[in-house]
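To keep things clear, I will list the structure first and then write my remarks on it.
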4 protein chains.
Amino acid sequence: MAKIPVGVLGATGMVGQQYIALLADHPWFEVRYVAASSRSAGKTYREAVTGRWQHGERLQGDDVIAGCASGVGNLVVENANDISAALAAAKRGDCAFVFSALELGKDEIRTLEEAYGAAGIPVVSNNSAHRWTADVPMLIAEVNPHHTDIIPLQRKARGWNQGFIAVKPNCSIQSYMTPLFALIREGYDVRRIIVSTLQAVSGAGYPGVASLDMIDNVLPYIGGEEEKTEQEPLKILGDIRNGRIESRSLPRISAHCNRVPVTDGHTACVSLEFGEKKPSIEEVKRIWLSFSALPQELDLPMAPRRPIIIREEENRPQPRKDRDADKAMAVTIGRIRPCNVFDLRFTALSHNTVRGAAGGGILNAELLRAKGYIPEG
Amino acid sequence: MAKIPVGVLGATGMVGQQYIALLADHPWFEVRYVAASSRSAGKTYREAVTGRWQHGERLQGDDVIAGCASGVGNLVVENANDISAALAAAKRGDCAFVFSALELGKDEIRTLEEAYGAAGIPVVSNNSAHRWTADVPMLIAEVNPHHTDIIPLQRKARGWNQGFIAVKPNCSIQSYMTPLFALIREGYDVRRIIVSTLQAVSGAGYPGVASLDMIDNVLPYIGGEEEKTEQEPLKILGDIRNGRIESRSLPRISAHCNRVPVTDGHTACVSLEFGEKKPSIEEVKRIWLSFSALPQELDLPMAPRRPIIIREEENRPQPRKDRDADKAMAVTIGRIRPCNVFDLRFTALSHNTVRGAAGGGILNAELLRAKGYIPEG
Amino acid sequence: MAKIPVGVLGATGMVGQQYIALLADHPWFEVRYVAASSRSAGKTYREAVTGRWQHGERLQGDDVIAGCASGVGNLVVENANDISAALAAAKRGDCAFVFSALELGKDEIRTLEEAYGAAGIPVVSNNSAHRWTADVPMLIAEVNPHHTDIIPLQRKARGWNQGFIAVKPNCSIQSYMTPLFALIREGYDVRRIIVSTLQAVSGAGYPGVASLDMIDNVLPYIGGEEEKTEQEPLKILGDIRNGRIESRSLPRISAHCNRVPVTDGHTACVSLEFGEKKPSIEEVKRIWLSFSALPQELDLPMAPRRPIIIREEENRPQPRKDRDADKAMAVTIGRIRPCNVFDLRFTALSHNTVRGAAGGGILNAELLRAKGYIPEG
Amino acid sequence: MAKIPVGVLGATGMVGQQYIALLADHPWFEVRYVAASSRSAGKTYREAVTGRWQHGERLQGDDVIAGCASGVGNLVVENANDISAALAAAKRGDCAFVFSALELGKDEIRTLEEAYGAAGIPVVSNNSAHRWTADVPMLIAEVNPHHTDIIPLQRKARGWNQGFIAVKPNCSIQSYMTPLFALIREGYDVRRIIVSTLQAVSGAGYPGVASLDMIDNVLPYIGGEEEKTEQEPLKILGDIRNGRIESRSLPRISAHCNRVPVTDGHTACVSLEFGEKKPSIEEVKRIWLSFSALPQELDLPMAPRRPIIIREEENRPQPRKDRDADKAMAVTIGRIRPCNVFDLRFTALSHNTVRGAAGGGILNAELLRAKGYIPEG
């Protein structure tokens, strides 16, 4: 079967590179279009990322490929602001949809993603710009796959034919959102959550956090992160009504977001209060261990076989040891125990640039493809 | 005025070294007796710490002193198990009391500290062994200085004449215990606390935490730390009744204790629920900024001039920048804001081996001296 | 084809674990015997490494395998001092030869490895104990594969039938030994080398280096490392004469070995003086790029396709980005330029626990198998 | 005695902040003028550094001073490009000379420093811009204090009256330049040096090196650093002839400069070849231990009492433990031993932003003041 040609917007940045790396051997998708800022436009992708490539290298055929698979390395980077270039690529069969990993101001991104959508090119976005647009689904494939049902309404309301915009939530909530949902799905309402995150520096892009701030240090603040951590789960758990996704009002969440000297892998220390009905610790573990959802049923290529992994050792999860579990797409949970104030305490970890960014985006695209929203190209 | 001669038990360990370093120029106390395990006994202190000294060096007279002030460096280390050596030192005027920084099993420490106390040598301890002994005060000099009132009762009950045991609490609670008390003292009851700590590796002694566990990593567990964090504040806030210190039952505390790649300085992310009466954020800041207690009134040498420092920058406190504030004895607080679930959120930081260990012990000894419990030697 | 059953001595340590991890899917070898100290003996391998496993986990069948592939995880750990257990395993077809990653005193290891050899069990060792035994080859498969010719002589001299001992050199020389040899093989004598190494903490095992020594710090000394770095290359380049491997006298090497806060990957900064005949920088690059040796010709499973990778970016090689190149078995070289004092300068990097330890040992075993020294089991 | 009023150009940058911090209690100098880029101009110094201040805080009077001493904190930052502002300050007695820590392009700095000099304001610079200007002395106060003799010639040639420019060399050579000179002064010629440096991130300013490049990593390259390391010592050891400082041709130096995850403190691994006359290791130690020079004789406030400290422990010097020795102005040397290729090997360490930058600049100014080149203001 021919692969579906995809474009990556913002392909030279931290998350953009992660998309290129993860899609190198993807069974369904093939990167055939890359776009970035005007600074990179006109260079080959290989030139554009030389000295900035964050991943390992690959041997391909007889060549040592510096930075990336040779196919993508030879693509000429286009200007992401130039929709006509993407349209031309679409026309010649090189861009059935785009992953958006743009690094611009929010307003600019919002406008640009809408322009792609209006031009008939679906946008699967990693950005926060459209997360609160009422007719745009904010997807975690295991949690709210049914929110894709809003896409026909989005298209209709906007007069779009084939294009649409779907986004994913912030990386900081990925470690506990799926476990939270697993409990709710089993009928255990969650009323309140207090969470402290210990977040990796890759979340801030490159160059991102200064090394002087991270050697022998912790930063107790990440701009905008606590608001996202507290509010995005409410939309993800929300309901489609009148062409809009309406947020739930519970659980109330309070977040302390910290930056720690870790390259990849966000850790979350979660204390959680259930509603009337409270599961035992054993019941919680049983629910998490057996948790499976639509991506697993559809056997989507990027889906982890086990969305939630439980470690019984008292000193796990740890970023360096657990972030790569199951293609770096699983959430690893440990230290599951009663909370001295609420009902349940645990520590959860997920890979922020894979599960929390590019990998999550790819899984969303796979879901959208499986549901027929993405054309064959 | 002649200085009071003091001994340090466990003088070669992490906290023991910190005592030696901090007492180098102390106006009241002078280290004239050092004891450690049998492995070090018989060596000079300088020999015993060579290659293991964790602090900087000092120039003294014409000599570059490797490791420590020359006076202490030349002392011969005694065996801490040998009380008679300490008694001989006491007799010749070299040991009016001891700081205990022993690194032994809890039972062993408990027995040994009691033996010193019984022999008439007051013990100001850093260890957890006697923290839950009902007639032993667990002191933070700014919070419960009145708990020293139990010492006469302790002496009487045990038939001790001059000796006694006083301890200090765990380093993990030092960042938020004083701020908590400051609010309670002003009439604001605190009902519940959820706290996540990001603790420095020096808290585990030397060699302590393996570097393979701390490079690009976080450990989500520290043995025994959460229990101490949750229970010790209740005794510190307790009342003396019938010769015992009885713990309060509130606030209920739930702790997540993590180890992070930081040398010194424990960070705590605190969410806190008040009782009926709730102060405004401005009132909280006012209370903390103006907080002062007995050590400040008595102008004790180790007392910080400001027990609580507030930073208004959104990215503070940070371990590397704030741990040394005011002789490393102040607590630095930042990110003071309403909690989305409880009433108040903030991040607090204190130096774990100074305020949280040796410095806190010295301040306790100063308080005990000022109150007349420690003899002139 | 049935796999050859192998044993791992010291299987629970840092390098031992690396052997288990690397052999999980090996096409020729299958771990069917594990031995360690008496502390671990009697436990299953899974139990023995719980909480100490340094690698990621694997999904296997329907099970989340904590720590290791299920097959090995269920093996009962034997006492490595008990040769009879190994002999029994050999007899029942579970141990055709052993990898030795023992963590004992040198004398003890020497004696123990000889006992295995005498008992007819070939020993492919990672230890330094036998590196200077005259009839024991110290192998880098790409550099001195012909040194295996001493094995028949070793067997004869010792009256051994099937057993033998072969070792690999220290991890600190792996980054520059192959490049050095590549130049010598092309006829460029190397007279003098001054090298500074920046070595990873995994080289010291677990727990190994204290985190207090590695946060915001560098250690300028690693016990015994400089001597190994200076002398081992001379034996590797040596000649077999009269049943002994005689070291060469050149190049003279002077080493500064440092420990830096890196988990895996040793970096070496090399300045090198040629003899009369001096290659140009271009010639050096040509030699390295085209370098290939017996393991590549034999297409051994663990052999890197390119033993030497050259990076042209000025800021490479870097441990985190280059250590895993080509199964973590390639040496990556960058900053190739004239030396202001000698003739040539460059920076070289290799993975110390793979290329420099377990991976190098496995490659040696593959070579020995290909040459017929290891039986089919 | 009234203090001499000084200005700091580039006062808000990394080195500029270090000047402010170090001059806070200086007995001779008082900062009364601060200038920076147009971005900071017009703000108070306190405002300009808020959130970027790299040092601890100070208590002053009753105020907690965020970031800096209150006097400097209240100064209004001027635009460093505006010489007239500095002249006005000079006229009103607030700026007898300036420390230059500008962070601009080299040409711009060169022009700007000359403009200050021409305007009669002496410039004691930390920048590399004028290091190779033939009539500008590049001073290490202990090594070439006599190079100040060129100042009258500089003034005459340029038609300047009171102004002049004096610079200091690069931080990377500070760890071994004084030891090197000490040996040469005793009559031991040094012919060749091969040095590898492990440099701290503060050398790159703030934000400087990305944390993603420093967690679990080493960078093998620092732009321009090796050239400076190899060439600057030759001018420092040079002779004044015909109004120019002429470089020596020896020793030849070859440098490998690396960036490591350390905040402050550059480490250098040095191998060194003497000329005909070669000292014993004992003689080398004797020379270094007893080394003293003009700053020590003049008892300059910033001068270390011992310019060279020797550590006999095999695992020293270490950045975290030794960088602050003697006001962070001493060089600490350890691992003194014969070189296997040249004659002598050792590891040397100095604090790069104090001894290697602001502290060295202040010591130069003290020397220039003691010699009468700087007016009383």
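Overview of results
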quantity: Within 10 Å of each Cβ in B:320-332, the average number of Cβ atoms from other chains; calculated: 3
quantity: Dipole axis of the range A:171-351 (+1 Lys, Arg; -1 Asp, Glu on Cβ), positive-most option in A:Pro220, A:Ser247, A:Val284; calculated: A:Val284
quantity: Of A:Lys168/A:Lys235; A:Lys228/A:Lys327; A:Lys3/A:Lys156, those spanning more than 22 Å from alpha-carbon to alpha-carbon; calculated: A:Lys228/A:Lys327; A:Lys3/A:Lys156
quantity: For the range B:260-315 versus the range D:79-135, the gap between their alpha-carbon centres in whole angstrom; calculated: 44
quantity: Averaged over B:338-344, number of beta-carbon atoms from partner chains that fall within 10 Å; calculated: 5
quantity: For the range B:288-298, Karplus couplings with θ = phi - 60° (6.51, -1.76, 1.60), whole Hz, Gly/Pro x; calculated: 5, 4, 8, 5, 8, 9, 3, x, 6, 4, 7
quantity: Only Lys, Arg (+1) and Asp, Glu (-1) charged, at Cβ; the range A:171-351 dipole about Cα centre in debye; calculated: 240
quantity: Cα-based Rg of the range B:172-351 normalised by 2.2 N^0.38 Å, two decimals; calculated: 1.04
quantity: Under 5 Å, built H, 5+ apart or other chain: amide partners of D:Ile309; calculated: D:Val331, D:Thr332, D:Ile333
quantity: Cα-centre dipole for the range B:169-239 with unit charges at Cβ (Lys and Arg positive, Asp and Glu negative), debye to 20; calculated: 180
quantity: Top of D:Gly42, D:Gly265, D:Gly13 by mean-square fluctuation, Gaussian network on chain D, Cα under 10 Å; calculated: D:Gly42
quantity: Whether the range A:114-260 is rounded, prolate or oblate, judged on the alpha carbon gyration tensor where a/c under 1.5 counts as rounded; calculated: oblate
quantity: Size of charge dipole - the protein assembly as shown - debye, nearest 20, with Cβ of Lys, Arg +1 and Asp, Glu -1, no other charges; calculated: 0
quantity: Acute angle (nearest 10 degrees) that the helix D:359-370 long axis makes with the longest principal axis of chain D, alpha-carbon atoms; calculated: 80
quantity: Over chain C, relative contact order from alpha-carbon pairs under 8 Å, at least 6 apart, %; calculated: 17
quantity: Signed unit charges on C-beta, dipole axis of chain D, positive-most listed residue D:Ala21, D:Val8, D:Thr133; calculated: D:Thr133
quantity: Shielding of A:220-230 by partner chains, average beta-carbon count, 10 Å; calculated: 3
quantity: Solvent-free Debye scattering, log10 I(q)/I(0), computed from the Cα coordinates of the range C:163-245 at q = 0.16, 0.18 Å⁻¹; calculated: -0.79, -0.92
quantity: Value at 222 nm in deg cm²/dmol, rounded to 500, when DSSP H runs of n ≥ 4 in chain D each add -39,500 (n - 2.57); calculated: -7500 deg cm²/dmol
quantity: Chymotrypsin sites (Phe, Trp or Tyr not before Pro) within the range D:155-255: DSSP coil, no more than 12 neighbouring Cβ in 10 Å; calculated: none
quantity: Amide H partners (placed H, <5 Å) of A:Phe291, local residues excluded; calculated: none
quantity: Volume per residue of the C-alpha convex hull in chain B, rounded to whole Å³; calculated: 138
quantity: Value of Rg to Rh for the range B:287-363 (Rh from inverse mean 1/r over Cα pairs, i.e. Kirkwood); calculated: 1.01
quantity: Long-range Cα-Cα pairs in the protein assembly as shown (distance over 59 Å), rounded percent; calculated: 21
quantity: The range C:68-139: trypsin sites (Lys or Arg not before Pro) in DSSP coil with no more than 15 other Cβ atoms inside 10 Å; calculated: C:Arg92
quantity: Column: log10 I(q)/I(0), Debye, Cα scatterers of the range B:3-47, q = 0.22, 0.27, 0.29 Å⁻¹; calculated: -0.71, -0.99, -1.10
quantity: Loop sites in the range B:259-323: GluC sites (Glu not before Pro), DSSP, at most 10 other Cβ within 10 Å; calculated: B:Glu276
quantity: C:Asp189 long-range amide H proximity, modeled H, under 5 Å; calculated: C:Gly275, C:Lys277
quantity: For the range D:113-122, Karplus couplings with θ = phi - 60° (6.51, -1.76, 1.60), whole Hz, Gly/Pro x; calculated: 5, 5, 5, 4, x, 4, 7, x, 9, x
quantity: Integer Hz, Karplus 6.51/-1.76/1.60 couplings in order for the range B:230-243, x for Gly and Pro; calculated: 7, 9, 4, x, 5, 6, 4, 7, x, 10, 7, 9, 6, x
quantity: Two-decimal log10 I(q)/I(0) for the range B:102-195, as the Debye equation yields it once each C-alpha is a single scatterer, q = 0.11, 0.13, 0.15, 0.17 Å⁻¹; calculated: -0.38, -0.51, -0.65, -0.78
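No lab work stands behind these numbers, since they all come straight from the coordinates. As the structure is a prediction and not an experimental result, all values here were calculated from the model. For neighbour counting, all protein chains shown are included, and Cβ atoms are generated from backbone atoms with ideal geometry for every residue, glycine included.
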